[in-house]
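Colleague: Input: one structure, supplied below.
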Amino acid sequence: MDTSVPNVARMYDYMLGGRENFQADRDAAERILRLAPGVRQMVLDHRAFLRRAVRYLTEQGISQFLDIGTGLPSQDNVHEVAHETDPRAKVAYVDRDPIVVSHGQALLAKSRHVIVVNADLREPDALLRRVSGHLDFTRPVAVLLLHVLNFVADDDDPARIVTCLREALCPGSYLVIAHVTGDDVPGDIEARARATYDHANDSLWPRAKDQVLGFFDGFSLVEPGLTHVHDWRAETGATGARDVAAAWVGVARKPLPALIDCRGRRGRVACAAL
């Protein structure tokens with residue numbers, strides 16, 4: 001492990017107030033914070049979005065979660081929020097960073113309902129095989145891609161990756177995405193932020209709203225649709241970094257098959273899936 005190279009997971013941990021980071025991570029994170037001081041609050045807002053999204057999903061009856069690009073464990077992880085409602089909910093955490101994986105496995109070694117595996121989102125077929133023994137893909141699964149697609153280069157075809165994940169999910173499953181954007185960020189700040197990440201272990205790929213919306217093809221967005229993080233089902237009285245809109249978030253459901261209403265002389269006699 002080369003601690004002189006900033007690591008995006010440890011940078012995020014630092015912004016959340018964690019301790020699993022080194023000087024290079026702190027220096028890189030501080031450069032981002034000097035460019036946009038509101039980013040720290042935005043990071044906290046995104047953690048709150050994770051809590052709201054997972055609670056919403058458990059209310060919809062979801063009991064299986066696949067969190068890809070999970071990062072270092074922090075407060076209010078997916079399994080902690082899900083287990084508040086369903087103590088038997090299954091969670092598979094996936095990350096390609098071996099340090100993240102070993103840290104998570106050490107913390108969750110005694111959990112029967114949670115696993116942490118080393119796999120790369122850019123190889124979705126292999127990733128799905130790694131978690132298939134823990135999650136049952138014949139039943140609905142919620143896939144969480146929280147600030148991981150914005151570290152996937154255009155050349156790696158993120159749309160193809162999401163399509164592969166979608167095809168593995170049965171109807172009634174959900175997709176949750178949070179993705180960095182430059183839509184509301186001055187061009188010079190975006191360029192300097194990307195330059196900082198170019199010196200880290202992963203480069204940053206901000207995408208416009210239409211591009212992020214395209215990742216939800218084949219899904220139906222739930223209300224309020226694709227929004228800024230502080231606008232997605234925020235609790236009454238919640239405050240957030242409303243002057244910082246550097247990411248888009250959304251939750252969507254894979255629709256159930258359409259039905260044909262077949263009627264005979266005595267009314268409906270059969271239904272068939274399209």
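Here, each number is a calculation from the coordinates, and none is a lab measurement. All of these numbers come straight from a predicted model, not from anything done at the bench. Here Cβ is always computed from backbone atoms with ideal geometry, including for glycine, and neighbour counts include all displayed protein chains.
Colleague: Could you compute how fast the chain diffuses translationally, taking Rh as the Kirkwood radius over C-alpha pairs and applying Stokes-Einstein at 4 °C with viscosity 1.567 mPa s? Give it in µm² per second. Don't jump to the answer; show the numbers that get you there.
Modeller: Working: Rh = 19.6 Å.
The diffusion coefficient I find is 66 µm²/s.
Colleague: Binned at 10 Å from 0, what are the whole-percent values of the Cα-Cα distance distribution for the range 1-130, short to long?
Modeller: 12, 38, 37, 13, 1
Colleague: With a point put 7 Å past each Cα toward its Cβ, work out how far T138 is from A208 in nm, to one decimal.
Modeller: Computed distance between label sites T138 and A208 equals 4.4 nm.
Colleague: If you put +1 on each Lys and Arg Cβ and -1 on each Asp and Glu Cβ, how big is the dipole of the chain around its Cα centre, in Debye rounded to 20?
Modeller: Details: 33 positive and 37 negative charges, 267 e Å.
Its charge dipole is roughly 1280 debye.
Colleague: Under the definition of Cα pairs under 8 Å and six or more residues apart, what whole-number percent is the relative contact order of the chain?
Modeller: Details: 468 pairs, mean separation 49.6, N = 274.
Normalised by residue count, the contact order of the chain is 18 percent.
Colleague: Measure off 7 Å from each Cα along the Cα-to-Cβ vector at L33 and D184, then give the distance between these two points in nanometres to one decimal.
Modeller: 2.2 nm
Colleague: Would you calculate the separation in nanometres between label points at L256 and D86, each defined as 7 Å from the Cα along the Cα-to-beta-carbon direction?
Modeller: Rounded to a tenth, the inter-label distance reads 1.6 nm.
Colleague: Please give the FRET efficiency for I99 paired with D217, using the beta carbon to beta carbon distance and R0 = 35 Å, rounded to the nearest 0.05. Walk me through the numbers on the way to the answer.
Modeller: Working: r = 34 Å, r/R0 = 0.97.
For R0 = 35 Å, the calculated efficiency reads 0.55.
Colleague: Using a 10 Å cut-off around each Cβ, can you sort S173, S63, S4 from fewest to most neighbouring Cβ atoms? Could you put the intermediate results ahead of the total?
Modeller: Working: S173 22, S63 19, S4 8.
Going from least to most buried by this count: S4, S63, S173.
Colleague: Which GluC sites (Glu not before Pro) in the range 151-250 pass both tests, a DSSP loop state and at most 15 other beta-carbon atoms within 10 Å?
Modeller: Values: sites: E167, E190, E235; in loops: E235.
Those that pass, being in a loop and sparsely packed, are E235.
Colleague: Next question. Antiparallel versus total DSSP beta bridges in the chain: what percent is that, nearest 5? Present the calculation step by step, with values, prior to reporting the outcome.
Modeller: Numbers: 16 of 34 bridges.
DSSP beta bridges in the chain are roughly 45 percent antiparallel.
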